[in-house]
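Trainee: The structure under discussion is supplied below as structure tokens; questions concerning it will follow.
The values are calculated or read from the model by the stated rules, or taken from the named source; none is laboratory data. As the structure is a prediction and not an experimental result, all values here were calculated from the model. Here the Cβ positions follow ideal geometry from the backbone for every residue, glycine too, while neighbour counts run over all protein chains shown. Keep in mind that these areas ignore ligands, DNA and RNA; they rest on the heavy atoms of the full protein, side chains included. Shrake-Rupley method; radii C 1.70, N 1.55, O 1.52, S 1.80 Å.
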Amino acid sequence: MIDMIKEIIWSPLLVYGLLICGIYFTLRMRLFQLRHFKEMIRLMFQGEESPIGVSSFQALAVSLAGRVGTGNIVGVATAIYVGGPGAIFWMWATAFLGAGSAFIESTLAQIYKKEDNGEYRGGPAYYIEQGIKGRVGKIYALIFALITIIATGFLLPSIQSNAISESVSNAFQISPWIIALITAIVVGLVIFGGIQAIANFASAVVPIMAIIYIIVAVIVVLMNASLVPDMLLLIIKSAFGQEATFGGILGAMIQIGVMRGIYSNEAGQGTGPHAAGAAEVSHPAKQGLVQSFSVYVDTLFVCTATALMILITGQYNVKDEDGSLLIDNGVYSLGANGEKVYEGSVTYTQAALDLTLSNQSQFDINFVGFGSYFIAIILTFFAFTTILAYYYIAETNLVYILKGKHLWLKYALKFLLISSVIFGAVKSAQLAWSIGDIGVGLMAWANMIAIVILHKKAIEALRDYERQKAAKGSGKYAIYQPDKKDLPNATFWTEHYPNRLKEAKIKQD
């Protein structure tokens with residue numbers, strides 16, 4: 001039943017709709033992904049910070065905590081299993097085009113953000129209500145908020161805890177129940193600390209873990225450098241049906257590549273804007289550009305590192321449309337009943353590292369080497385920080401709905417998420433991923449429609465930023481000062497921020 005629901009939600013209309021949106025936004029903003037690449041990096045480290053807003057880098061770290069997770073390791077393996085090597089190309093395409101969607105949604109989150117109990121709150125629910133306006137806007141925003149609470153508060157965390165459980169069990173032979181309880185306890189300790197605690201933890205952990213992972217992946221690739229050109233050619237040829245072996249699964253290849261790409265980098269999905277709305281910046285476009293860069297980090301760097309490790313070492317399988325194995329390289333994990341499971345999982349990456357760095361000549365289900373230990377540890381950190389990001393997103397939407405009332409329900413949300421963590425750790429990977437795909441798909445549908453309706457304000461913000469950057473010699477001095485008639489509901493920028501600038505000028509004088 002769950003698989004049937006997933007197929008309905010992830011119809012070709014959603015898959016190609018997301019690609020078309022990315023193409024449209026990219027063209028409207030004149031390939032801003034390339035034009036402002038240096039500016040993205042500069043802004044990432046030069047954002048402002050205040051007692052009620054996190055810095056651009058902290059917001060990026062929280063966003064990356066959500067983006068860099070199991071999708072970068074397990075998701076890549078699943079994409080190769082279902083769509084073959086060509087699926088990686090479609091993950092790349094989704095990332096490049098998705099940077100446009102990420103800019104639009106994150107800039108909108110900044111334009112329509114609110115201050116609530118000493119913290120900035122923003123995201124799709126806020127820009128849907130304030131941007132679309134009226135009764136339609138309120139109902140639409142409420143629907144998105146409810147979908148997001150269910151998705152990020154219950155459906156998606158189970159994928160992350162399942163990956164932690166599988167990788168740690170493979171490496172250290174620990175019972176999934178013990179892993180589930182330990183993970184749940186540690187998650188609980190952090191999420192009771194609020195957005196500042198989550199941001200501080202994410203900004204400390206995520207960059208270090210991502211860099212370490214990429215360094216190890218680069219070592220594996222360099223040790224097999226002679227094979228890299230052939231692997232890249234295989235990815236490109238397969239993506240367009242030019243490789244005979246994979247020609248019959250082209251449709252599945254595109255669908256799984258886009259699906260896993262969106263799950264991994266979250267562009268257009270509606271999760272990234274929540275962290276973007278919490279940032280302290282002088283212009284919404286600044287955070288939009290920073291969030292666009294996070295899509296590159298996630299897919300073009302981390303996902304590519306995983307894909308090359310798996311493909312170069314041959315530690316993968318590919319299934320045909322009828323479910324039989326099209327490519328059988330003898331890589332498998334053991335199911336709950338001891339049966340061989342050939343589908344894409346953390347085993348692919350663990351085996352790739354073990355084969356390269358532990359002098360293994362072929363896959364051995366009983367061998368536990370550096371790769372198994374390393375991936376277990378790195379994936380635990382990736383997945384753990386993603387769970388924290390999911391909680392923040394769910395809480396933001398709950399706060400939006402409650403509007404200052406019945407805040408005790410935040411505690412109910414915490415326990416709901418913790419129960420999802422336990423559930424995912426002890427259930428099968430296939431069930432966890434199917435449930436998670438439903439959550440991602442529902443959010444993507446709701447957010448995609450919203451950003452298509454509201455995208456003009458974000459594009460206008462980019463053009464305003466570009467004008468100021470050209471006039472003042474640097475985007476550092478750009479300040480967003482919209483006309484209240486044009487954006488009557490963007491009260492932070494039309495009322496609160498101008499007052500803050502006046503107070504700062506008086507103090508300076």
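Trainee: Condition test on K340, is it out of contact with any Gly (no Cβ under 8 Å at 6 or more places or on another chain), touching a residue at least 60 places away in the same chain (Cβ under 8 Å) and closer than 27 Å to Q255 by Cβ?
Mentor: no
Trainee: Does any residue in segment 351-370 that is farther than 20 Å from K340 by Cα come within less than 7 Å, Cβ to Cβ, of a residue that is in a loop (DSSP other than H, G, I, E, B) and among the aromatic types (F, W, Y) six or more places away or on a different chain, and which pairs are these?
Mentor: The qualifying pairs are Q360/F367.
Trainee: Select from segment 374-418 the residues that are farther than 23 Å from G277 by Cα and either in a helix (DSSP H, G or I) or open to solvent by less than 30 Å² (accessible area, probe 1.4 Å) (or both) and list them in ascending order.
Mentor: Listed by number, the residues that qualify are F374, I375, A376, I377, I378, L379, T380, F381, A412, F415, L416, I418.
Trainee: I want to confirm something. Restricting to segment 298-351 and keeping residues that are surrounded by fewer than 24 Cβ atoms within 10 Å (Cβ to Cβ) and acidic (D, E), which single residue is nearest to E266 (Cα to Cα)?
Mentor: In this case the residue turns out to be E343.
Trainee: Has segment 467-476 got at least one residue that is of a type in the set (D, E, K, R) and under 24 Å from Q269 (Cβ atoms)? Break it down into steps so the answer makes sense when it comes.
Mentor: Looking only at segment 467-476, we keep the residues that are of a type in the set (D, E, K, R), and these are 467, 469, 472, 476.
Now restrict to residues that are under 24 Å from Q269 (Cβ atoms): none.
Scanning segment 467-476 turns up no residue that is of a type in the set (D, E, K, R) and under 24 Å from Q269 (Cβ atoms).
Trainee: Among the numbered criteria (1) touching a Ser or Thr at 6+ places or on another chain (Cβ under 9 Å); (2) open to solvent by less than 50 Å² (accessible area, probe 1.4 Å); (3) not aliphatic (A, V, I, L, M), which one does S434 miss?
Mentor: The one condition S434 does not meet is (1).
Trainee: Moving on to the next point. Go through segment 131-154 residue by residue and tally those that are part of a helix (DSSP H, G or I) and open to solvent by 30 Å² or more (accessible area, probe 1.4 Å). Can you show your working first?
Mentor: To start, the set of residues in segment 131-154 that are part of a helix (DSSP H, G or I) comprises 131-132, 134-154.
Add one more test, that the residue is open to solvent by 30 Å² or more (accessible area, probe 1.4 Å), and what stays is 132, 134-136, 138-140, 142-143, 146-147, 150, 154.
Qualifying residue count for the region: 13.
Trainee: Right, here's the next one. How about segment 446-488: which of its residues are more than 17 Å from G288 (Cβ to Cβ), touching a helix residue (DSSP H, G or I) at 6+ places or on another chain (Cβ under 6 Å) and not aliphatic (A, V, I, L, M)?
Mentor: K484
Trainee: Condition first: touching a Ser or Thr at 6+ places or on another chain (Cβ under 9 Å) and either in a loop (DSSP other than H, G, I, E, B) or open to solvent by 10 Å² or more (accessible area, probe 1.4 Å) (or both). Now tell me which residues in segment 83-93 satisfy that.
Mentor: Hits for segment 83-93 are G84, P85, F89, W92.
Trainee: Residues of segment 10-31 being open to solvent by less than 10 Å² (accessible area, probe 1.4 Å), over 14 Å from I262 (Cα atoms) and not in a helix (DSSP H, G or I), which ones?
Mentor: Hit for segment 10-31 is M29, nothing else.
Trainee: Quick check on this structure: which one of T385, T349 is at pLDDT below 85 and in contact with a helix residue (DSSP H, G or I) (Cβ under 8 Å, 6 or more places away or on another chain)? Break it down stepwise before answering.
Mentor: Working: T349 fails: at pLDDT below 85.
Result: T385 is the single residue among T385, T349 that is at pLDDT below 85 and in contact with a helix residue (DSSP H, G or I) (Cβ under 8 Å, 6 or more places away or on another chain).
Trainee: Give all pairs with beta carbons closer than 8 Å in which a residue from segment 1-24 that is in contact (Cβ under 8 Å) with a residue 60 or more places away in the chain meets a residue that is charged (D, E, K, R) and assigned to a helix (DSSP H, G or I); count only pairs at least 6 apart in sequence or on separate chains.
Mentor: Once the first residue is in contact (Cβ under 8 Å) with a residue 60 or more places away in the chain and sits in segment 1-24, its partners that are charged (D, E, K, R) and assigned to a helix (DSSP H, G or I) give K6/D437; I9/D437; W10/D437.
Trainee: Looking only at segment 419-430, filter to residues that are among the polar types (S, T, N, Q) and at pLDDT 85 or above; which one of those is least open to solvent (accessible area, probe 1.4 Å)?
Mentor: The selected residue is S420.
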